[in-house]
Each structure stands twice: as structure tokens, then as C-alpha cells.
1. Can you work out ³J(HN,Hα) from phi for every residue in segment A:303-313, in order, using Karplus 6.51 cos²θ - 1.76 cosθ + 1.60 and θ = phi - 60°, giving whole Hz and x for Gly and Pro?
2. In straight Cα distance, which aspartates and glutamates are under 16 Å from A:LYS251, not counting same-chain residues fewer than 8 positions off?
3. How many nm is it between the label spots at A:ASP173 and A:THR66, if each spot is 7 Å from the Cα in line with the beta carbon?
4. Give me the distance in nm between label points sitting 7 Å out from Cα along the Cα-to-Cβ direction at B:ALA136 and A:ARG43, one decimal.
5. I'd like to know which of A:VAL212, A:LEU144, A:VAL134 lies farthest towards the positive end of the charge dipole of segment A:54-230, counting +1 on Cβ of Lys and Arg and -1 on Cβ of Asp and Glu.
6. How do B:GLU98, A:GLU266 line up, fewest other C-beta atoms within 10 Å first?
7. Please work out the FRET efficiency for the pair B:ASP126 and B:GLU39, using the Cβ-Cβ distance as r and a Förster radius of 35 Å; give the result to the nearest 0.05.
8. Cross-link partners among aspartates and glutamates for A:LYS189, C-alpha distance below 19 Å, same-chain residues fewer than 8 apart left out?
Amino acid sequence: MARPELEPTIGELLDRQGVSRRSFVKYCTAMASLLALPPHAARAMAEQLRAARRPSVIYLSFQECTGCLESLTRSFAPTIENLIFNVVSLDYDDTLMAAAGSQAEAAREQAMRANYGKYLLVVDGAVPTGDGGVYHCAAGRTGLDILTDCAKGAAAIVCVGTCASFGGLPFADPNPTGARAISTLVPGKPVVNVSGCPPIPEVIAGTLLQYVTSGRVPDLDEHLRPTVFFGNSIHDRCYRRPFYDQGKFAKTFDDEGARNGWCLYELGCKGPTTYNACATIKWNNAVSFPIQSGHPCLGCAEPNFWDRGSFYSPIPSPRWGKAGEVSPVQAAAIAAGAAVAGAAIGVGSVLLGRRRIARHQQEPKSPSGKGNEE
Amino acid sequence: MTTLAQIPVCVEPVPVSHEEGTVGGGIGAILAEIAELLERLARTGEPGAIDLRSLPLSPADRAQLLQALGTGEVDARMQVNGESRIRETAVHGVWWTEHRDSSGELLATLIEVARVPDILIVGEDDLLRGASRLRASLTLQSAAQGESPHG
């Protein structure tokens, strides 16, 4: 209503560009695949996306290394250009925008006024609150002040990266700047955490796309992360899982087990306690992910990952059984010599998981979902 | 030793089940799902699909799956923002669809269970757009002929 003449639907934009139905269906098929939606959802997604209008996005950066933005700008599908120009209207990002200084701030204020209550606030980095917030200042204001101001009119806040989601490295002991996670500073606002150090680019893009498609905050886990990407542990989706189930572990980085691609659990892999999509979406356009490259998962998408002891020590038993301990089903499978059971259980559980997700999506959404949800 | 490929690394393949012949347990689960989708298509006409992205399959598993399904009669290539290849497998009604972007990178791999995959069908809007394009070119042509002395 605020800017009807500026707001064609995404479908109208695509028609103007002469984008064919096949092209759009292909795009949505790739997106549905990325979002781990059931494949038949691509058609519904195409219809919803065509009818949707691009939301205004304001992107703020606080205590961070810009690795998250680096990750997003290396997103392959959709490319960042595609995302920016076709799906969202990026109205403020002090790293990417051409304007600087007072012009940039004026653009932010104009976008906030025109889209009050409707814009999407994307944040990367933790916000320092110690000593009056002086450890992050921009345009003469503290980070805390900027965040509070921008959060007021936001429809939802998407925290990109572990720093914004959980405090991350700035929050790590002894946290000299009093860094805090965004969700603790914006009471009452719907928050979506897209954690990871950095997050997978497709997960950032996919979360934004999902918001545009559905017009609401996605289903979230207990850490406010979209379950569609953070619903499974790295371990559950790991292609090395069958070796875990068989009790075949690499003990050092250059032993026979490491060369044979066995499970990295005993080298400190945090896959069993880490929820992210690295094992399925992977990195650099699905080329590989840390475990595939022979390195244990660091657990970077989890709260306090930096303070959980050595990256190279096996997960302590209180959190995840004893090293090499297996479930009764796996134990029975190993005892019976049915080495393939692990793989069968793995794929079977994934298929079941997908059915669970599909069922969940068909069910009407409970209004009393997560605390921070709309 | 100059390239990465020359470093001797042996990746042990996931073992193959002896109980189910040559098909591994994981592949068996997918084939069973495809059979179920085929039966549903025959019964209700509702198409189905399996997205291979989020299944923990190694390249060897994929190759094995493709081999289990075999090569069929139709092989369609679509040039839309990069190539898409839609192949019918030896199992009628089961299609192996690969979508690539303009730089050839794989965007999605699906096993579709349908009479014809939806993406091959021409949309109604595209039909009308095509018709109006032809009409416009006919109008231009006749206008040009009208101006010609030999017209």
C-alpha cells in the first residue's frame, strides 16, 4: 500500500523479462530441492512466488568478520544477483551498497519508513553491550542503538551466522565486550537463526526465499533455526555413517582408517551433536564438506561451539554415549554381520524423515508454536 | 607428485548386501519407494518424485541406482538457463531428471514418476504468448508486403 507503483509481483517482474514457464518451473524445482521440500511442492512454490511481492531487506553488520556475507555472495543457487534483483529488494547493506555515509543512512531510514512493519531485518554479528555498547559504533551510534531502532518496524529478524544467532566468537569466554545474541536483544520480535561459521550460502538464501514464498517465519527448532535445514544432525546424514555403525574409525589423520574414509568420530567429529545441512547441501556448489575432505566437524552451527573443549577430542560421554557406543539396533546389525544395515537404516530414516517433514507441512500451523514465532 | 589426483587415496565403498542380490540396502529402499509411486500413479493419476539431493548417496550409489533403473526410450534435453536432461529409464514412467545452471553445475537431480514430466509440458500462458508472437510477425509481414511494389 505504501508504494503500489513500485511493487510489481515477482511474476510480473519475470514476465517483463520474458522468463518462460519452463524456466520458472526449473528455478522452483531447484529451490524446492534446496529447501528440502517434497518435490511436488515446486509447482505450489512457483504459484506462490509469482504472486508474491519482493520484501524490503535491511542488512546490518555488527561484531563479525564478514565471512557470512562472503558466504552469501558465493551462493550458487540462486545466485546473489538473482536473489537481490528478483526475490528481495536489498535496500540497505553498508558493505555492498554504493552509497556511503549520510546517503547510506538516509536510504535505510527511507526504506524503514516506506515499509514500516513489513521489512525483513537481516543481521550478522553479535552486538556488544558492555560499557554502554561502545565496542561497536557506526554513524555516531552504538550497535545496540542501531539494532533497537531497526528492529522496531521489522516484520521478522533473520540472524545470519553463529555470532548473530548465539554470540559466536565475540561471545566466547571471557567475552570482553559483553557480546550478546540478537534474539536476546529484540524482545517480542520473531527471530530466525541461520547459524554456522559461516552458514551455508544456500541455507541463507533458502531461508530468505522460504520467507518470501510463505510470507511467514518458517518452522523452527529449539534454537530458533529453520527445521528444514537444521532438522537433522550431520551424523545422521553423513555418508560415513555406515562406518560408524560398523565401528570402523580413523584414529589419526594419516592411518589406514583415515585413508579409507572411515568415521572421524574418534578424531573429535562433532557431527553427532551438530544440526546443519553440510552433509546434504555441502559447500562450494556441493563439491564437498569438511568430513568429506577428511576433517572432523567442528560443530560451528551450535551455541558455544568455541568453548566446548578441543575440536580434536571425541564428544564427552555425558552428551553422546561412550566412544564407539552404538544403539541396540546397530549392535544387533553388527552382531548379525549385516554390515549393510547401517546404510539401509540411514537411507530409510532419511526417507521417513522426509515423509515426516511433508506431513508436518501439510498440517495447519499451530499458533502456539515457538516462543518467538509469529 | 604434482597433482592432487596423484596422491593415492582409496575410498572404501559402502558394502553391498548379499541378501538382496546386487542391490544395496539403501538403493533397495529407493527402488521400493519408486515402485510405490508407480502404483499410485496407475491408481490415482497423481505423479510423484524423489529428490536425490538430501539422500546420503555416494556417487557410486547414484551410479548403481541409475544402473538398476536402466536406460529407456526417451532422452530430452532442455536449454533453459543451462541444460536440463530428462531421460526415461527402462522402467516406463520413471524419469531421471537433471537440472544444471548455465555454468553446467548440477542444481537438482530428481527421479520423477509421471506419464510426462511436468516441466516438458507447455504452459497455457506460453501458448498464448506464442500465438500472439506469430500474429504480430504476420502483421509485420503483411504490412511489409503491402508496402512492397510486388506485393
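1. x, 6, 4, 6, 9, 9, x, 5, 5, 10, 9
2. A:GLU266, A:GLU325
3. Using points 7 Å along Cα→Cβ, the separation is 3.2 nm.
4. 2.9
5. A:VAL212
6. Values: B:GLU98 15, A:GLU266 19.
Listed from fewest to most nearby Cβ atoms, that is B:GLU98, A:GLU266.
7. On the way: r = 32 Å, r/R0 = 0.92.
Approximately 0.60, to the nearest 0.05.
8. Straight-line reach from A:LYS189, under 19 Å: A:ASP124, A:ASP145, A:ASP149, A:ASP219, A:ASP221, A:GLU222, A:GLU373, A:GLU374.
All of the numbers you see were taken from the coordinates with simple rules; none came from a lab. Quick caveat: nothing in here was measured; it's all calculated off a predicted structure. So basically every Cβ, Gly included, is an ideal-geometry build from the backbone, and we count neighbours across all protein chains shown.
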